[in-house]
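Comments concern the structure below.
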Amino acid sequence: MSPDDIHAYCAAKWGAWEDEPWEGDVVFKVGPGDRGKIFVFLGDGSSIGVKAATTRDEADDWLARYPDDARVSAYIGRSGWNTLRTGGAIPDDELREAIDRSYELVLAGLPKKYRGPGAD
């Protein structure tokens, strides 16, 4: 996936919006304004940071499958976040699935009133 493809894919999600909390670091969040939570770290597009799982053990599956293209995210890796290289061995459909999973996990962690239509 190209950086533009990733950008468009993230932006198309319900309630998603782009932010740049640190100069040069583009992220996508879901949720309203100051309550919005990051679901993808995009940066320059050469890799993406995603919440891969709810636990580090589950997220380590990515590292086992793609040892050259997946790594534990700095600082937040213990919470199930991974950095996945784009343009490498990880197929585009799996990158989209990783974005979807991250979005779902982060959205589920928001208060019900911020989860949108059909929230349980």
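The values are calculated or read from the model by the stated rules, or taken from the named source; none is laboratory data. From a predicted model like this one, the values you see are computed outputs, not experimental measurements. Cβ coordinates were reconstructed from backbone atoms using ideal geometry, including for glycine residues, and neighbour counts include every protein chain displayed.
Go through the stretch 67-84 and count every residue that is part of a strand (DSSP E or B) and either without any contact (Cβ under 8 Å) to a residue 40 or more places away in the chain or among the charged types (D, E, K, R) (or both).
Filtering the stretch 67-84 for residues part of a strand (DSSP E or B) gives 70-72, 81-84.
Those still in the list that are either without any contact (Cβ under 8 Å) to a residue 40 or more places away in the chain or among the charged types (D, E, K, R) (or both) too: 70-72, 81-82, 84.
Within the stretch 67-84, residues that are part of a strand (DSSP E or B) and either without any contact (Cβ under 8 Å) to a residue 40 or more places away in the chain or among the charged types (D, E, K, R) (or both) number 6.
In the list Ala64, Ala98, which residue meets the criterion of being of a type in the set (A, V, I, L, M, F, W, C), closer than 19 Å to Pro3 by Cα and outside any loop (DSSP other than H, G, I, E, B)?
Working: Ala64 fails: closer than 19 Å to Pro3 by Cα.
Only one candidate qualifies: Ala98.
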- If Ile90 passes every condition in (1) touching a Ser or Thr at 6+ places or on another chain (Cβ under 7 Å); (2) at pLDDT 95 or above but one, which one does it miss? (1)
- Item | Any pair with Cβ under 9 angstrom, 6 or more apart, that starts in the stretch 9-36 at a residue that is closer than 14 Å to Leu105 by Cα and ends at one that is assigned to a helix (DSSP H, G or I) and charged (D, E, K, R) | Lys13/Asp100
- Hits in the stretch 1-41 (condition: in contact with a Gly (Cβ under 6 Å, 6 or more places away or on another chain) and of a type in the set (Phe, Trp, Tyr)): Trp14, Phe41
- Picked from the stretch 61-92 (must be touching a Lys or Arg at 6+ places or on another chain (Cβ under 9 Å) and charged (D, E, K, R)), the residue surrounded by the most Cβ atoms within 10 Å (Cβ to Cβ) is Asp69
- Leu107: passes all of (1) surrounded by 13 or more Cβ atoms within 10 Å (Cβ to Cβ); (2) more than 12 Å from the chain's Cα centre (by Cα) but (2)
- Query: Can you pull out the residues in the stretch 43-60 that are surrounded by fewer than 22 Cβ atoms within 10 Å (Cβ to Cβ) and either among the β-branched types (Val, Ile, Thr) or closer than 16 Å to Asp100 by Cβ (or both)?
  - Reply: Ala53, Thr54, Thr55, Glu58
